[in-house]
Structures are given as C-alpha cells and as structure tokens.
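Accompanying notes for the structure given below.
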Amino acid sequence: MYSISQRANAVLAFLVTVTLGFLVAVALTSPILLHGKGLRPAPGQNVLKIVDAESHKARLAFYDRTQNQSGDSELAIIRFDISADLRDLWNWNTKQLFVYVVAEYETDSHSTNQVVIWDSIIRNKDDALIRLRNVKGEYFLVDINPTLSTVSAKFTLHWNIIPYVGALFWNSGGQTPILALPAPR
Amino acid sequence: MLQWIHDQFKGWSLRQLLLQTLNFFMIIGSVFMLWKGWSLFVNSESPIVVVLSESMEPAFQRGDLLFLSMPNEPIRVGDITVFKIKGREVPIVHRVLTVHDEIETGKQYILTKGDNNPGDDRVLYNHNQMWIHREDVIGKVQGFLPYAGMVTIIMNDYPQLKFALLGVLGLLVVFQRE
C-alpha cells in the first residue's frame with residue numbers, strides 16, 4: 001500500500017506546501033508593516049532642495065535627432081541637497097530601496113514629462129538615512145524637444161521598495177517648488 | 001523500454017485506456033486555462049517571467065520569478081517594465097528612466113535603464129531607435145519570488161532534461177491507476 005515513492009511524494013508535497021505557505025505569510029506581512037510608514041523629514045529642513053541649475057547647449061550622441069536636425073539640444077545639470085530618513089521602510093521583508101530624484105514638467109507638445117536625474121540603490125537600514133549636500137545630477141535633464149529654457153520643473157524624491165518575496169511598493173515625497181530652468185550659457 | 005510499456009498496458013480495457021487519456025488531457029487543459037485566465041486578469045500576454053540577465057542586480061537575480069500586470073494608468077518613471085524590442089525574441093526587464101506623453105497622439109515616449117548598467121538602454125534598442133512605446137511593454141513588475149525560475153533556466157541550458165522530465169511526468173499520469 002505505502003511504497004517508498006508514495007512516501008517520498010508525500011514528504012516532498014508537504015515540504016513544498018509549507019515553504020509556499022511560509023513565503024505567502026511573509027509577503028502578506030509587508031503591507032501591514034509598511035502601513036503608515038514613509039519618509040521622515042529632518043526637522044526644519046527640506047527633503048529636497050535645489051542648490052543650482054545650469055543649462056548648456058550640446059550635441060548629444062544618442063539624442064533624438066528626428067526632432068531636431070541640427071543635433072544641438074539644451075541640457076540642464078542640477079545640483080541639490082537631500083535630507084531624507086527612509087529607515088522606517090526597513091523591515092524583515094525589505095531587500096532593497098531604490099531611491100530616485102525626478103524632474104517633472106509640462107511643455108506645449110507633451111502633457112507629462114518625467115526625467116530621472118539621480119538614483120541610488122540602498123541595501124541596508126543605516127544607509128536609508130540620506131544626508132547629501134550639493135549632489136550633482138547623475139543624468140542630464142534633457143527634454144524630447146531641443147529647448148529647455150522655457151521649461152519650469154518641480155523635483156520630487158521617489159522610492160521603490162523591493163522585498164525578499166511579494167509585492168513591490170512605490171511612493172514619493174518632498175516635492176520642491178517650481179523652478180524655471182535658466183537659459184543656456 | 002517498449003516491452004516495459006507493453007507490459008504496463010497489458011490487461012487494460014479500452015474504457016480504462018480512454019479514461020486515462022482523457023485524464024491526461026484534462027490536466028494539460030486545466031493548466032493552460034489557468035495560465036490564459038490569469039493572463040486575461042492582469043492584462044499581460046506573459047504574466048510570469050523569469051529573470052535571465054544580471055542588469056537589474058541586486059534587486060533581481062538570474063532565476064528569480066517576476067509577476068507582471070499591465071496597469072490602466074500610463075507608464076511612469078521608476079516603474080520596472082518588461083518590454084520587447086522589435087525583431088528580438090527575449091524580453092528585457094528594465095526600469096523606466098524618462099517618460100514623455102505627447103498631447104497630439106497620446107503616445108508615450110519611454111527610455112529605460114537597467115539598475116546595474118552604467119548607461120541607458122539606447123545601446124540595446126534597434127539602430128536609431130530612441131524610445132520605446134507602451135505597445136512594446138508587456139507588463140509592469142508587481143511581485144517577486146526568488147529562485148523559483150531556476151528550474152526553467154536549467155532546463156533551457158540542458159534541453160534533454162526538459163524532455164526527460166516531461167516524459168516521466170507524462171508516463172506517471174498515464175499509468176497512475178486509482
């Protein structure tokens with residue numbers, strides 16, 4: 001009646017069920033542990049503060065030349081301070097935080113434009129306390145159109161929580177006032 | 001081998017044989033329906049994908065399983081998308097770096113980048129392709145299960161193993177008598 005293969009099958013099925021059940025339970029704790037948790041700003045300080053913005057005219061190798069035959073386009077380099085405490089987002093199912101600064105603006109031809117100008121991978125709780133001064137944007141702020149000097153953008157800190165198992169979460173905070181980008185030098 | 005198969009079927013009535021065959025197709029049919037049903041529910045042609053590259057490390061590693069869905073909202077910066085480049089088979093899992101929504105056409109111009117890659121994906125796109133669009137995107141990554149896709153990777157690397165496993169499972173289903 002009970003052969004070795006049947007016993008092995010039963011044990012294996014039980015192991016798989018228990019493992020999957022445990023993983024589902026861990027995944028379900030994430031939204032509960034993260035409930036109401038978010039960005040903790042330092043008292044008296046802005047989460048995100050634009051220190052400097054400078055514009056240049058340049059020929060970018062991979063720029064969309066279908067929009068602009070000459071190949072020259074305006075780009076902006078943004079410098080900013082970050083003062084953000086994301087340590088609350090750390091729990092037993094937090095594997096990594098992906099933190100990024102987004103410039104968002106409207107133009108006559110495009111209703112929503114979002115450009116990431118800086119990002120960072122955070123892998124432990126201590127590093128989730130972010131205090132950075134005068135950081136230079138990792139990526140140029142370049143529009144799909146060649147001109148930028150007519151653009152007014154606001155900047156926001158975004159983060160994405162990647163778990164060990166389960167759902168991913170996205171959120172944002174610390175929006176700056178609208179900044180008119182300067183004319184190229 | 002053939003003798004063994006012959007021995008196994010000896011003493012089976014036609015009715016039993018047909019029933020066993022029906023059972024076999026029922027299992028295949030249910031799995032297929034579950035997959036397609038789930039695909040409809042999350043609005044994505046392939047709702048579960050296996051990570052094949054290291055470009056999103058340390059978030060996703062080779063062999064991790066990703067659960068996708070296609071959101072009703074527009075694609076936004078920071079979303080981890082799975083997209084296909086025209087003329088290439090294997091989809092890419094990368095994060096959205098830039099997005100421009102054109103008013104006139106409602107079209108989204110999307111630029112992506114792998115978290116672990118030094119530069120954006122314009123080197124990966126087709127020659128002179130500057131953007132991808134919503135229709136290239138298969139889905140947005142919503143959930144994550146580590147290692148579970150490793151079996152697929154191993155079976156892709158050693159195709160003989162895949163046939164051996166399928167054969168054994170098939171035989172088991174056919175010969176299992178209740």
Highest GNM mean-square fluctuation, chain B, Cα pairs closer than 10 Å: which of B:Asn156, B:Asn126, B:Asn72?
B:Asn72
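If we count every other residue with Cβ under 9 angstrom of A:Glu54's Cβ, Lys/Arg +1 and Asp/Glu -1, where does the sum land? Numbers along the way, then the final one.
Values: positive: A:Arg79, A:Arg185; negative: A:Asp52.
So the surrounding residues net to +1.
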For the protein assembly as shown, evaluate the Debye formula with one uniform point scatterer on each Cα (no solvent term) and list log10 I(q)/I(0) at q = 0.08, 0.11 Å⁻¹, rounded to two decimals.
-0.53, -0.86
With Cα coordinates, the longest principal axis of chain A makes an angle with the long axis of helix A:4-34, in degrees rounded to 10, of 40
Across 5 Å bins from the origin, how do the percents of Cα pairs in segment B:48-147 run, short distances first?
2, 13, 25, 26, 20, 10, 3, 1, 0
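Return the calculated 222 nm mean residue ellipticity for chain B, to the nearest 500 deg cm²/dmol, obtained by summing -39500 (n - 2.57) across DSSP H runs with n ≥ 4 and dividing by the residue count.
Working: 4 runs with 62 residues, N = 178.
Rounded to the nearest 500, the figure is -11500 deg cm²/dmol.
Convert 10 °C to kelvin, take the viscosity as 1.306 mPa s, use the Kirkwood radius over C-alpha pairs of segment A:58-167 as Rh, and evaluate the Stokes-Einstein diffusion coefficient in µm²/s, rounded to a whole number. All intermediate terms of the calculation are to be shown ahead of the outcome.
On the way: Rh = 15.9 Å.
Translational diffusion coefficient: 100 µm²/s.
For B:Ile103 and B:Asn23, what does the FRET efficiency come to when R0 = 51 Å and r is the distance between their Cβ atoms, rounded to the nearest 0.05? Mind dumping the intermediate values first?
Details: r = 57 Å, r/R0 = 1.12.
Once the sixth-power term is evaluated, E becomes 0.35.
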Among the lysines, which fall within straight-line cross-link reach of B:Lys36, defined as a Cα-Cα distance under 24 Å, with same-chain neighbours fewer than 8 residues apart omitted?
B:Lys84, B:Lys86, B:Lys140, B:Lys162
For B:Ser53 and B:Ser39, extending 7 Å from Cα along the Cα-Cβ vector and measuring point to point gives, in nm, a value of 2.4
Just grab the label-to-label distance for A:Ala58 and B:Lys86, each label 7 Å out from Cα along the Cβ direction, in nm (one decimal).
3.0
Chain A, relative contact order in percent, only Cα pairs under 8 angstrom and at least six apart counted
26
In the Gaussian network model of chain B, springs joining C-alpha atoms below 10 Å, which of B:Ile103, B:Ile27, B:Ile48 carries the largest mean-square fluctuation?
B:Ile103
For A:Val11 and A:Gln45, extending 7 Å from Cα along the Cα-Cβ vector and measuring point to point gives, in nm, a value of 5.6
Relative contact order (%) - segment B:53-178, alpha-carbon pairs under 8 angstrom, separation at least six
31
Out of B:Asp115, B:Asp64, B:Asp157, a Gaussian network model of chain B with alpha-carbon springs under 10 Å gives the largest mean-square fluctuation to B:Asp157
Restricting things to alpha carbons, tell me how big segment A:13-59 is in terms of Rg and Dmax, in Å.
22.8, 65
Please list the equivalent ellipsoid semi-axes of segment B:1-46, computed as the square roots of five times the alpha-carbon gyration tensor eigenvalues, in descending order and whole angstrom.
36, 12, 4
State the percentage of accessible surface on the protein assembly as shown attributable to carbon and sulfur atoms; use a 1.4 Å probe and exclude ligands, DNA and RNA.
61
Ratio of alpha-carbon Rg to the 2.2 N^0.38 Å globular estimate for chain B, to two decimals, please.
1.39
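Report the per residue volume, in Å³, of the convex hull enclosing the C-alpha atoms of segment A:122-185. Provide the component values of the computation, followed by the final result.
Values: hull volume 9.0 nm³, N = 64.
Spelled out: Cα convex hull of segment A:122-185, divided by residues, is 141 Å³.
Kindly provide the Kirkwood hydrodynamic radius of chain A in Å, to one decimal, from all pairs of distinct alpha carbon atoms.
Details: mean 1/r = 0.0514 Å⁻¹.
About 19.4 Å for chain A.
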What FRET efficiency would be calculated for the residue pair A:Ala180, A:Asp81, taking the C-beta separation as r and a Förster radius of 25 Å, to the nearest 0.05?
0.80
Compute the relative contact order of segment B:103-159 as a whole-number percentage, counting only Cα pairs closer than 8 Å that sit 6 or more residues apart in sequence.
28
Largest first, please: the extent of the C-alpha atoms of segment A:91-134 along each principal axis, to the nearest Å.
45, 28, 11
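The values are calculated or read from the model by the stated rules, or taken from the named source; none is laboratory data. This is a predicted model, so every value here is computed, not measured. Note that we place each Cβ from the backbone using ideal geometry, even for glycine, and neighbour counts take in every protein chain shown. To get the accessible areas, we keep the full protein, side chains included, count just its heavy atoms, and leave off ligands, DNA and RNA. Shrake-Rupley method; radii C 1.70, N 1.55, O 1.52, S 1.80 Å.
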